[in-house]
Amino acid sequence: MTVKTPMQGARKPFMAELQKARRGTAPGAGSAEPSGLLALAAPEPAAQLAPVSVEVDHTPVLRAVAELHAKFDRFMSHDRSDIDQIQIEIADISGRIKATKAEMAALRHPLASEDRFQQASEELGAVVNATEAATNTIITCTEEIEEIIHELRAQLPEGYQSSRVNDMNEAVVKIFEACNFQDLTGQRITKVVRALSFIEERVEAMMGVWNKREFETMPLPPGMAAKDGDLDLHGPNKVDKDKGMISQADIDALFG
Amino acid sequence: MKILVVDDYATMRRIVRNLLTQIGFSDIEEAGDGVTALAKLRESKFGLVISDWNMEPMTGLQLLKEIRADNKLNATPFIMVTAESKTENVVAAKEAGVNNYIVKPFNADTLKQKITSVIGAF
């Protein structure tokens, strides 16, 4: 079952063509045989069918293709520049992310031997302990001076010397007052240690957002120690033999 | 008159004790936290409590509230000596019944002045 057209030769009929053919058949015509395309749709032997010519309008299809072509041209010229700009911006963001990761790695590198946050907290803790010990020594000495003042007061008659002893006692009071600083600096340093701990947690959390192992591939940050030629200068430190620190007694032993 | 000095920081207790001695008090006891202080207050009579605020497990403010809620202790004069100087802290202490409030650092004169304003001349 085929349809002959001027351009395409023999082909199968479209449903629209079959319907058109059906509409063309007069109802109740009494014809014993279907005619035209209806005849083509009917299950009858091919030998009984007459060839039909159908004109097809391709204009809408060609118009749609032309529109698509125009859109593609516009995309290739105008929209392409926008895409280039977006690519530049993505590359910029990617660079910034890499730089941020490098900074985070410098703060807390997974392979670094020094934990800067812990080190800073320990240093501050050492400051509190050292000043506390010094303050207690100052107070103990001042208490001893106070006792001596009381003894002298009891022994000395009124006069210049007694008056100077009273001056000494006023100085003693001022020393006690000044020792207030220890409590306040201790509290302030504790606040700084808490702030450090907070920052450390945030850095840890940020690194957790990324793949933590990525940071291992980043360059290690430089050490914090000051340098004297090839030697590191660490400043005050606790005696920790594991970290290579030795006591005064060990140093004395070295000097025999 | 017996004075109870409450501070979790031993050095500070020592400083306050010495300053109290200098201004004329000799009967001074110490407590390292609010719980110990409360136990001492229930054991014997104190004429004045000088307490820090920031302590554990019981803060100075909690100690003050416990004292004010206790029928036998509620008349005990209480001076807060603390680094907390925000208005809301001072107001909270006042509302809880503190008799006076000293911000650290302080000197012997301030301490003497506040004690006088609370317990009268000594």
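The values are calculated or read from the model by the stated rules, or taken from the named source; none is laboratory data. Every value quoted in this text rests on a predicted model; they were computed, and no experiment measured them. Glycine also receives a Cβ, built like all others from the backbone with ideal geometry; neighbour counts cover every protein chain displayed.
Looking only at residues that are part of a helix (DSSP H, G or I) and surrounded by 12 or more Cβ atoms within 10 Å (Cβ to Cβ) in segment A:151-160, which one is farthest from the other protein chains (Cβ to nearest Cβ)?
Among those that are part of a helix (DSSP H, G or I) and surrounded by 12 or more Cβ atoms within 10 Å (Cβ to Cβ), it is A:Leu152.
In segment B:32-58, which residue that is acidic (Asp, Glu) and surrounded by fewer than 16 Cβ atoms within 10 Å (Cβ to Cβ) is nearest to A:Ala171 (Cα to Cα)?
Ranking the qualifying residues of segment B:32-58, first place goes to B:Glu56.
To keep it simple, each residue is scored yes or no on (1) assigned to a helix (DSSP H, G or I); (2) within 14 Å of chain B (Cβ to nearest Cβ); (3) acidic (Asp, Glu).
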| position | (1), (2), (3) |
| --- | --- |
| A:Ser53 | no, no, no |
| A:His69 | yes, no, no |
| A:Asp79 | yes, no, yes |
| A:Ile86 | yes, no, no |
| A:Glu123 | yes, no, yes |
| A:Thr135 | yes, yes, no |
| A:Ile145 | yes, yes, no |
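Which ones in segment B:51-87 are more than 20 Å from B:Ile115 (Cα to Cα) and outside any helix (DSSP H, G or I)?
Those that are more than 20 Å from B:Ile115 (Cα to Cα) and outside any helix (DSSP H, G or I): B:Asn54, B:Met55, B:Glu56, B:Pro57, B:Met58, B:Thr59, B:Asp70, B:Asn71, B:Lys72, B:Lys86.
Please work out which one of (1) buried (at least 17 other Cβ atoms within 10 Å of the Cβ); (2) free of Cβ contacts under 8 Å to residues at least 12 places away in the same chain; (3) farther than 16 Å from B:Ile15 by Cβ is the condition A:Val193 fails and give its number.
The one condition A:Val193 does not meet is (2).
For segment B:14-31, enumerate the residues that are of a type outside the set (A, V, I, L, M, F, W, C) and either at the interface with another protein chain (Cβ under 9 Å from one of its Cβ atoms) or surrounded by 20 or more Cβ atoms within 10 Å (Cβ to Cβ) (or both).
B:Arg14, B:Arg17, B:Asn18, B:Thr21, B:Gln22
Which of the following residues is in contact (Cβ under 8 Å) with a residue 40 or more places away in the chain and under 33 Å from the mean Cα position of the chain (by Cα): A:Val203, A:Val209, A:Val127?
A:Val203
Any residue at all in segment A:123-144 that is closer than 30 Å to A:Asn237 by Cβ and touching a Pro at 6+ places or on another chain (Cβ under 8 Å)?
yes
When you scan segment A:213-227, do you find a residue that is under 30 Å from B:Arg14 (Cα atoms), outside the structural domain of A:Thr137 (by TED's automatic domain parsing) and surrounded by 10 or more Cβ atoms within 10 Å (Cβ to Cβ), even just one?
Checked against the condition, which is being under 30 Å from B:Arg14 (Cα atoms), outside the structural domain of A:Thr137 (by TED's automatic domain parsing) and surrounded by 10 or more Cβ atoms within 10 Å (Cβ to Cβ), segment A:213-227 yields no hits at all.
Here are the criteria: (1) touching a residue at least 24 places away in the same chain (Cβ under 8 Å); (2) more than 14 Å from chain B (Cβ to nearest Cβ). Tell me which single one A:Ile139 does not satisfy.
Every condition holds for A:Ile139 apart from (2).
Restricting attention to segment A:170-190, which residues are under 11 Å from B:Asn107 (Cβ atoms) and either surrounded by fewer than 14 Cβ atoms within 10 Å (Cβ to Cβ) or more than 7 Å from every other protein chain (Cβ to nearest Cβ) (or both)?
Within segment A:170-190, A:Lys174, A:Ala178 qualify.
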